[in-house]
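Here's the structure, in structure tokens; my notes come after.
The values are calculated or read from the model by the stated rules, or taken from the named source; none is laboratory data. Please read all numbers here as calculations on a predicted model, not as lab measurements. Cβ sites come from the backbone with ideal geometry, for glycine too, and all protein chains shown count toward neighbours. All accessible areas refer to the heavy atoms of the entire protein, side chains included, with ligands and DNA or RNA removed. Shrake-Rupley method; radii C 1.70, N 1.55, O 1.52, S 1.80 Å.
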Amino acid sequence: MKKIFKTLAFPFILLVRFYQVAISPYTPATCRFEPTCSHYTIEALQKHGIFKGGWLSIKRILSCHPWGKSGYDPVP
């Protein structure tokens with residue numbers, strides 16, 4: 001069952017990869033974390049699947065603002 005959820009994450013990983021290749025190079029680097037939010041999202045989806053990985057990614061992206069924290073924040 002867990003493998004099914006990880007397989008469902010594949011299209012979302014492709015979307016993030018598209019963002020990394022086609023959009024991100026043309027925008028200023030603004031991520032306050034290491035790894036960047038897009039790399040974090042891919043790793044979270046690969047490691048935890050679509051639901052938990054997606055939730056972790058959303059939390060991370062929402063915390064990436066000037067008043068949020070910054071620094072090294074690996075996928076749990």
- [ ] Report relative contact order for the chain in percent, whole number only (criteria: Cα-Cα under 8 Å, sequence separation at least 6).
- [x] 38 percent
Task: Max mean-square fluctuation residue, GNM over the chain, Cα-Cα springs under 10 Å, options PHE51, PHE18, PHE33 - done: PHE18
Open item on the list: What would the Debye equation give as log₁₀ I(q)/I(0) for the chain at q = 0.12, 0.17 Å⁻¹, counting only Cα atoms as equal point scatterers?
Closed with: -0.33, -0.64
Task: Largest to smallest accessible area among ARG60, ARG32 [probe 1.4 Å] - done: ARG32, ARG60
Open item on the list: Can you find, among ILE58, GLY71, HIS39, the residue sitting farthest towards the positive end of the charge dipole of the stretch 8-76, where Lys and Arg contribute +1 and Asp and Glu -1 at Cβ?
Closed with: ILE58
Task: Potential lengthening between THR30 and LEU8 on full extension [0.36 nm per residue; Cα-Cα distance subtracted] - done: 5.0 nm
Open item on the list: Using a probe radius of 1.4 Å on heavy atoms only, what accessible surface per residue do you get for the chain? Whole Å² is fine.
Closed with: 72 Å²
Task: Charge dipole (debye, nearest 20) of the chain; +1 at Cβ of Lys and Arg, -1 at Cβ of Asp and Glu - done: 300 debye
Open item on the list: Skipping prolines and chain starts, which residues have an amide H placed within reach, meaning under 5 Å, of the one on PHE33, given they are 5 or more residues away or on another chain?
Closed with: GLY71
